[in-house]
1. Please work out which one of (1) over 24 Å from the mean Cα position of the chain (by Cα); (2) at pLDDT 95 or above is the condition D282 fails and give its number.
2. Which condition number in (1) closer than 29 Å to L104 by Cα; (2) open to solvent by 40 Å² or more (accessible area, probe 1.4 Å); (3) touching a strand residue (DSSP E or B) at 6+ places or on another chain (Cβ under 7 Å) is the one that Y328 fails?
3. Would you kindly identify the strands (runs of 3 or more DSSP E) lying entirely within region 90-188 that contain at least 2 residues that are within 29 Å of D250 (Cα to Cα)?
4. Say whether the condition of being over 23 Å from the mean Cα position of the chain (by Cα) and open to solvent by 30 Å² or more (accessible area, probe 1.4 Å) is met by at least one residue in region 95-103.
5. Which fully enclosed strands (runs of 3 or more DSSP E) of region 211-296 have 2 or more residues being in contact with a helix residue (DSSP H, G or I) (Cβ under 9 Å, 6 or more places away or on another chain)?
6. In the list A302, A351, A323, which residue meets the criterion of being within 18 Å of the chain's Cα centre (by Cα), open to solvent by 30 Å² or more (accessible area, probe 1.4 Å) and touching a residue at least 12 places away in the same chain (Cβ under 8 Å)?
7. Is it true that some residue in region 179-194 is within 22 Å of the chain's Cα centre (by Cα) and surrounded by 17 or more Cβ atoms within 10 Å (Cβ to Cβ)?
8. If you check L133, L81, which single one turns out to be open to solvent by less than 40 Å² (accessible area, probe 1.4 Å) and closer than 30 Å to A220 by Cα?
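The values are calculated or read from the model by the stated rules, or taken from the named source; none is laboratory data. For clarity, every value in this text was computed on a predicted model and none was experimentally measured. As a convention, Cβ positions derive from the backbone with ideal geometry for all residues, glycine included, and neighbour counts pool all protein chains shown. The area values use the complete protein model at the heavy-atom level, side chains included, leaving out ligands, DNA and RNA. Shrake-Rupley method; radii C 1.70, N 1.55, O 1.52, S 1.80 Å.
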Amino acid sequence: MTPQQSCFLQPLDTLVLRGNKLFGDPGSYGEALMPPWPSVAAGALRSAMLARDGIDLAAFGRGQAPHPELGTPERPGAFELQAFQLARLVAGQVELLWRLPADLVVDKANESVYGMEPTQLAGSLENSAPLPLLPVLAQAERSKPANGYWLTQAGWAAYMTGKLPSFHQLIHSRELWQLEMRVGVGLDPTTRAAADGKLFSTQAVTLLDGVGFALSLRGARLDDLGLLRFGGEGRSVSLSRPDISWPTPDFEALARRKKCRVVLTTPGLFADGWRLPGMGLDGRLNLPGLSARVSCAALGAAEIISGFDMARREPKPAQRAVAAGSVYWLDELQAEPDALGKLAETGFWPAADDNQAHTDQRRAEGFNRCALAL
């Protein structure tokens, strides 16, 4: 297996990053998905690797032309996207940018960041929460939370050590990308000419200068991959391989404290809805070499993950996903540092699955990844 390596993708054009909502009817509106799912980056890399190595794409789709690193669609090989982050170049160095965790609230008026705390409600207050504690934001005065903020690498480092980031360790999305409106024309399927009365609009994404995507992956040879087709309409991104400093939690400190926060860094495709794989109805979490009690959770709005399977020429199954940035609090943690490191490296996946081929494909695409914080 090839070692873990990193790369940086920087757009050379406006990107067309479509979600999974249908559009194209007269007057319809196609909303951009920013940031895109990690499967967009995984697909761009795998397509480029197949083209570089002269693999017959039709035969590969039928499972008749296995690739040494990608395997086949039914039996994926060693290729695995392990991290997919928005990033930017600062003085020639790649700075990772992180989606704001769900337990942080930004108060723009006071230039402050507040953190939710797991809280036991009074017994007289009934609720339907399935966990014993609720994430509560304690404020002397109510204020409207601000949206659109991301954590800089310094802000993420503070969060990982159990501290609250400062307002100046945030960056707003308008400083990273802009949305543009594009008008499309429906085509007659027979003549391939513009059809009357079929104008629709879509959003396109323009990343500002120096902004791109940082990737960490395993099982891929990136030689001779200079340009990739990325997202809808095959827009170009350049691939470079600068040194990227990926944060590493203090797993020994987490094991000693016997508690931590789990933050999803990519959407979580879990069989039991919001529940982590290995988590029972009683909140106990049991994974190889690890046990804990999930005492509280702060979840973002669920989303639907799908996509298009280029090998089979059909849509992928639509799955409900836990949003990236969602936070789970683990108490009574019993785990060795190595087991925590394995979880941070591989993410949350079931030990066995009825549809193992689909699970292996989604694992290779970079879903269910997480970070561990004090």
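1. All conditions pass for D282, except number (2).
2. Among (1) closer than 29 Å to L104 by Cα; (2) open to solvent by 40 Å² or more (accessible area, probe 1.4 Å); (3) touching a strand residue (DSSP E or B) at 6+ places or on another chain (Cβ under 7 Å), the lone unmet condition for Y328 is (2).
3. Counting at least 2 such residues, we get 93-99, 104-107, 112-115, 117-119, 134-136, 149-151, 170-172.
4. Scanning region 95-103, I find no residue that is over 23 Å from the mean Cα position of the chain (by Cα) and open to solvent by 30 Å² or more (accessible area, probe 1.4 Å), so the answer is no.
5. Passing ranges, in order: 211-218, 227-230, 235-240, 260-264.
6. A302
7. No, there is no match, as no residue in region 179-194 is within 22 Å of the chain's Cα centre (by Cα) and surrounded by 17 or more Cβ atoms within 10 Å (Cβ to Cβ).
8. L81
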